[in-house]
Every structure is written in C-alpha cells, then in structure tokens.
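A short worksheet on the structure shown next.
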Amino acid sequence: MTTKFQSQSRVWENRNILIINSPDISSPDSFKGRFQRTTGGGPHVILMVIPIGSFSKKDEDLLETLRKTFGTKVFEHMFILLTREEDRHQSTEMLKDRDDSLNSLKKCKNKKFSNYKAVGEEEQQQVDQLLQELVILTQQNANKPCAMVKEDTLSIVLVGRGGTGKSATGNTILRRTAFPSHLSAQSVTKTCQSGKEKWGKQEVVVVDTPSLLLVPNDSEGPSQLVEEVQRCSYYCEGNKILFVLVFQLGRFTQVDQSVLVQLEKIFGEKVKEYTIVLFTRKEDLGGDSIEDYIESVDCNALRNTVEECGRRFWAFNNRESGESGETQVTALLTMANELIKSHNGLGYSFTLDEIIQRIKDMRSVQEKSKNKSQKQDSRNRPKKTVPNIFGERSYK
Ligand code: GDP
Ligand code: MG
C-alpha cells in the first residue's frame, strides 16, 4: 500500500508527464501540505482509480477531500479510471446500481475502463489511449493546472424567503449578474447556484439558494431538500463558510419568521453563530440608519431574529451601483471576516452525514404528525385550524 506521495516522470509523445501516486487521503488538512510539497502549482489531471463495482463510502470521502482542496472545478480536471474491465461482465449490474448512481461520479464526465490483466501490445494500447484522453482533458482546461482553494476564501450562503432579494444581493457581491433576479409571484431561483469573485486579495464564493422552506422533503420519493443542501455544501469552498439571512426591509412575514428555525433544523443550532442578517431595499430607509430602524420597528419577531443572530445586521440597496454600491459590500465583507476571526479563523463546519440525518429526522416527525392528524380525522373529530405559515403581514 502507498503510504506517502511518490512521483515519477516519463516522456510520452514529446510531452514530459509527471505521475504522482498518492496515498489514502482522508484528512484534507494533512493532505494539502503534503500534496503542495509534491506538485507545487497543482495537477492538470486528477486520475481517480476505482475497481469496477467497488465504489465505497471511502471513495466518497476522498472525493470530498479533493473538492475541499481544489474547489468545485476539481471535477473538470478529474478522470475516472474504472479498472478490472475483465470483471465488467459479471459486475455490469453492480456498476449500474452502485457506481453510476453515485452523485459524485455523475459530476465527472470523463470515465474510462481499463483491464488490469492486459499484457504486451494490448497493455501499451490502453496506456496510449488513456494518455491521449488525459492530454485532451488538459487542453479542454486551457492547459491550466487545477489550483488549490486559497486558504483565505470566504464562502457566503444566502438564505431566506423567495423574493427577499437573495439573488440580487448575490449579484451585488459578485459585481455581475450571476443569478437571475426579478419580481415574480413564483420563486425565480429553483436550485442552488454559485459564483466566485475576488475582493481585494480575497476570493469570495457566493451560494444562492431557493427558499429552503419550500423545497419538498416528502415522505414518498427522494428528498429534494437533501439534494439541495448537498448541492449547497458542494458549492461552498474552503473552511470559512458563513450564512447571510436575507430579509426585505419593511416586510417580515410568517415565512421570514420560520427561516432561522428551518436553518437550525437543517444545519444545527450553532448555525446562527455564523449568520449575518441582511436587509435589502435600504433606499426605503430614506436617510435613516438601519440601527435606528431595528430599534424602533414595531415587530418583535424581527428584533428577536436579529438578537438570535448576535445583532449582526447590515442593509443593501441592490439598485445602487458605483462607489457607494461597492462600499456597502466592503462593509458586509468586513463584518463577515470579523465574524470568522471571532471563531478562530474558521467558519461554520458541518458534515453532510449530520445534515442528512437531521433532514431524515424532520421527515419522520412530519410523517408522524401526518399520521396522527389522519387518525384524528377518521374519528370525525373537529379539524384543528392549521395556521397558514405562508400568510403575510406587512408593517412599516
Ligand atoms: P430572491 O427570490 O430572494 O432571490 O429575490 P430576487 O433577488 O429575485 O429579488 C426580488 C425582487 O426584488 C427583484 O425584482 C429585485 O430587483 C428586487 N430587489 C432586490 N433587492 C432590492 C433592493 O435593494 N432595492 C430594490 N428597489 N429592489 C430590490
Ligand atoms: Mg433568487
């Protein structure tokens, strides 16, 4: 078994090829330092070798390590080599059921089979074919290596009710129209998306989300909520992850009120220690300050939410451009970096396994209460009035 990084080079068709054989890389931190010492700039291709039919949880963890180390672009540089082609006939079903159904592998478009036992000319042929494909992949990536995620990268996840201005806020932070944003009765953002930009020396990743309260977590069929949260986690880069809870100034609905609770149910109670509240439509304040607004607003639920998030709040006018548009972003990023500093340089850390378990628990609670109410109905008891959580209340 390989226990440390080893490298060898060879010349193939006038190209110098450096091949790095890696040991089992389960912990991203130790992996990063060791890998950097071996490769410098980063690899052009990451060749993931999996014997057919044996993709396991360990391989999932390995992919997660690679994603955390290189960011989401790692899949553009990845080539999966499924070995033991000689077993392919016996394992076709297994491959279909296990390997191909795994989301992580689906993200990687480049797949190839190889036969361990090939010898002589056949062996040479499969090596040539593979190297040819790896060169094509490198060219598709403009001959650029896959660089590691910068230590300082900040990932901001925008959450909140549909229509509060999350996508517009994301565009303001990224200084470009990365996410569609417009007034609509239906939520415009259906699925998580991300964008990345540099602010000074820092890379900032913005993850735009649909309203997580409205993503189905049905008892029948796969949970779309799990899929969405997986996608969200997949887009976050580095270990400085924060949440920005977006509200529209002057409008705090019952849905808005439930958003923080939902966020805690999914990501865990500590998530609010890593959350900043952001109000959009700052222009509606006239010349007043957002602090004065929070102090005087006739809405305890809003004030409680702000308190729960450690009184970290800011306001954006997403229609503002130019210097004052930039100033509001700089202030938010300063607040975000201060928050990271207060947590010893780390953002919110979560594992997908924990989150999936929480979502499953939410599902079984929903299922139980559904069964209970069905039983009550069948006994012809008078129905309870269910509060309409989507009911809205405006205030000034
Ligand atoms: P999302 O559903 O939370 O992503 O909300 P959108 O980003 O799609 O925004 C909904 C509507 O609010 C759009 O028409 C935006 O242009 C508008 N909007 C967002 N932020 C502001 C703001 O700061 N000022 C004004 N006037 N409109 C805004
Ligand atoms: Mg949106």
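What pairs come up if the first residue lies in segment 169-185 and is free of Cβ contacts under 8 Å to residues at least 40 places away in the same chain, the second is aromatic (F, W, Y) and within 11 Å of ligand 2 (Cβ to nearest atom), and their beta carbons are under 8 Å apart, counting only those six or more places apart or on different chains? From residues that are free of Cβ contacts under 8 Å to residues at least 40 places away in the same chain, the pairs are G170/F179.
Screening segment 171-189 for residues that are assigned to a helix (DSSP H, G or I) and not aliphatic (A, V, I, L, M) and picking the one that is nearest to K73 (Cα to Cα) gives N171. Suppose the filter is modelled with pLDDT under 95 and either of a type outside the set (S, T, Y) or closer than 30 Å to E323 by Cα (or both); does N143 pass it? When the stated conditions are applied, N143 passes them. Kindly indicate whether F243 is under 21 Å from A168 (Cβ atoms) and crowded, with 22+ Cβ neighbours inside 10 Å. Here the answer is yes, as F243 does meet what is asked. Of all residues in segment 43-55, those that are closer than 24 Å to C146 by Cα have Cβ atoms under 6 Å from Cβ atoms of residues that are polar (S, T, N, Q) and modelled with pLDDT of 80 or more, 6 or more apart or on another chain, in H44/T138. Consider segment 275-292 and keep the residues that are in a helix (DSSP H, G or I) and either touching a residue at least 24 places away in the same chain (Cβ under 8 Å) or hydroxyl-bearing (S, T, Y) (or both). The one that is nearest to L346 (Cα to Cα) is I290. Determine if segment 247-258 includes at least one residue that is more than 16 Å from ligand 1 (Cβ to nearest atom), part of a loop (DSSP other than H, G, I, E, B), of a type outside the set (S, T, N, Q) and surrounded by fewer than 20 Cβ atoms within 10 Å (Cβ to Cβ). So far as segment 247-258 goes, no, none of its residues is more than 16 Å from ligand 1 (Cβ to nearest atom), part of a loop (DSSP other than H, G, I, E, B), of a type outside the set (S, T, N, Q) and surrounded by fewer than 20 Cβ atoms within 10 Å (Cβ to Cβ). Apart from one condition, V261 fits all of (1) without any contact (Cβ under 8 Å) to a residue 12 or more places away in the chain; (2) within 15 Å of V159 (Cβ to Cβ); (3) within 16 Å of ligand 1 (Cβ to nearest atom); the exception is (3). Would you check if I266 is over 27 Å from V365 (Cα atoms) and more than 16 Å from ligand 1 (Cβ to nearest atom)? In short, no. For segment 211-231, check the following and say yes or no: at least one residue is in a loop (DSSP other than H, G, I, E, B), surrounded by fewer than 21 Cβ atoms within 10 Å (Cβ to Cβ) and near ligand 2 (Cβ under 10 Å from one of its atoms). Within segment 211-231 (the criterion being in a loop (DSSP other than H, G, I, E, B), surrounded by fewer than 21 Cβ atoms within 10 Å (Cβ to Cβ) and near ligand 2 (Cβ under 10 Å from one of its atoms)), the answer is yes, since at least one residue qualifies. Annotation: of all residues in segment 293-326 being of a type in the set (V, I, T) and part of a helix (DSSP H, G or I), the one that is farthest from ligand 2 (Cβ to nearest atom) is I294.
For segment 303-320, does any single residue satisfy the condition of being β-branched (V, I, T), buried (at least 16 other Cβ atoms within 10 Å of the Cβ) and either touching a residue at least 40 places away in the same chain (Cβ under 8 Å) or touching a Leu at 6+ places or on another chain (Cβ under 6 Å) (or both)? Looking for residues that are β-branched (V, I, T), buried (at least 16 other Cβ atoms within 10 Å of the Cβ) and either touching a residue at least 40 places away in the same chain (Cβ under 8 Å) or touching a Leu at 6+ places or on another chain (Cβ under 6 Å) (or both), one finds at least one in segment 303-320, hence yes.
Yes/no matrix, rows are residues, columns are (1) more than 8 Å from ligand 1 (Cβ to nearest atom); (2) under 29 Å from V49 (Cα atoms); (3) not in a loop (DSSP other than H, G, I, E, B):
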residue	(1), (2), (3)
L131	yes, yes, yes
T138	yes, yes, yes
V149	yes, yes, no
V157	yes, no, yes
T169	no, no, yes
T191	yes, no, no
K198	yes, no, yes
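Where helices (runs of 4 or more DSSP H) fall wholly inside segment 29-121, the ranges with 1 or more residues that are modelled with pLDDT of 70 or more are 57-70. Whether any residue in segment 238-245 is within 16 Å of ligand 2 (Cβ to nearest atom), modelled with pLDDT of 85 or more, more than 22 Å from I356 (Cβ to Cβ) and aromatic (F, W, Y) is what I want to check. No.
Kindly indicate whether K166 is closer than 28 Å to S349 by Cα, within 16 Å of ligand 2 (Cβ to nearest atom), among the basic types (K, R) and within 20 Å of the chain's Cα centre (by Cα).
Against the criterion (closer than 28 Å to S349 by Cα, within 16 Å of ligand 2 (Cβ to nearest atom), among the basic types (K, R) and within 20 Å of the chain's Cα centre (by Cα)), K166 qualifies.
Counting only residues that are among the aliphatic types (A, V, I, L, M) and within 16 Å of ligand 2 (Cβ to nearest atom), segment 132-163 holds 4 of them.
The values are calculated or read from the model by the stated rules, or taken from the named source; none is laboratory data. What you are looking at is a predicted structure, and each value in this text was computed from that prediction instead of being measured. Neighbour counts run over all protein chains shown; Cβ positions are idealised from the backbone, glycine included.
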